[in-house]
Amino acid sequence: MKTTRRYQLLADHPALDFVNTLDDRYHPDGPVELITSYDEVLQFAIQSKILTAAEARTLGRVTPRPAAERALRRARALRETVERLFTAVVENRPIASADVSILNGYLEHALKHRIVRSSGLPMVWAWEGITRDPDSPLWAISLGAAELLTSDALVYVRQCACETCRWLFLDTSKNHSRRWCDMKICGDRMKARAYYRRRTSSEDGRAAEPALSQLSSRRARE
């Protein structure tokens, strides 16, 4: 593996964290792609505990380059499908049947590899062939997305309140009142913007807006 990228896993759910690997979706300068290679798919899988480091190294070693490039394209396609599904939920819009069909295709492939393994009692769920199939990092993501879409926790999926961010996350806070993907980043950014608006209003528009672009260029833009 030839990547040192570290992902900010703030969503409290791996499928939503994976959606957030396209950063700043609504930024005026355009989004930032954080999954630029198959190695970075594997790195995300390690950080999310979808794969062990040893499994990821093996998978990276045995996967030919053409297969790795196909797997990268499939990973991005799954990510965008999951994003559309959960964004529709958050925005209370109808879910596109085409997106459900796409997710079901990934899910069908994943479930072919889902097995029960005995290493004592209770037995455990496992994945068969995880170091042989280039798509194996996507199995847990597609299954996790499907499980969340069909669970009572779906009502707690949120989007970051910062309009240029909109990262998805599962609100596990005590009162389910979380608004930001990260209070120190997006929360501070929106506080700065609100302060600017109050200030310019009180000074008849004479003040200049603080350099909010510096706050916007977080995560991948650092």
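The values are calculated or read from the model by the stated rules, or taken from the named source; none is laboratory data. Since this is a predicted model, take the numbers as computed values, not measurements. In this analysis, Cβ positions are derived from the backbone assuming ideal geometry, glycine residues included, and neighbour counts consider all displayed protein chains.
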Checklist entry - Quick check: is even one residue across the stretch 40-53 at pLDDT 95 or above, under 23 Å from Leu22 (Cα atoms), in a helix (DSSP H, G or I) and of a type in the set (Val, Ile, Thr)? => result yes
Checklist outcome for this item: Only unsatisfied item for Asp12, checking (1) assigned to a helix (DSSP H, G or I); (2) touching a strand residue (DSSP E or B) at 6+ places or on another chain (Cβ under 6 Å), is (1)
Checklist entry - Checking Glu33 against (1) farther than 25 Å from Glu147 by Cβ; (2) out of contact with any strand residue (DSSP E or B) (no Cβ under 8 Å at 6 or more places or on another chain), which single condition isn't satisfied? => result (2)
Next on the checklist: Cβ-Cβ distance below 8 Å, separation of 6 or more or different chains: which pairs start in the stretch 54-83 with a residue that is free of Cβ contacts under 8 Å to residues at least 40 places away in the same chain and end on one that is hydrophobic (A, V, I, L, M, F, W, C) and surrounded by 15 or more Cβ atoms within 10 Å (Cβ to Cβ)?
Outcome noted: Leu72/Ile35; Leu72/Val41; Ala77/Ile102; Thr81/Ile102; Thr81/Leu103
Item to check | In the stretch 130-163, the residues that are surrounded by 19 or more Cβ atoms within 10 Å (Cβ to Cβ), β-branched (Val, Ile, Thr) and over 14 Å from the mean Cα position of the chain (by Cα) | outcome: Ile130
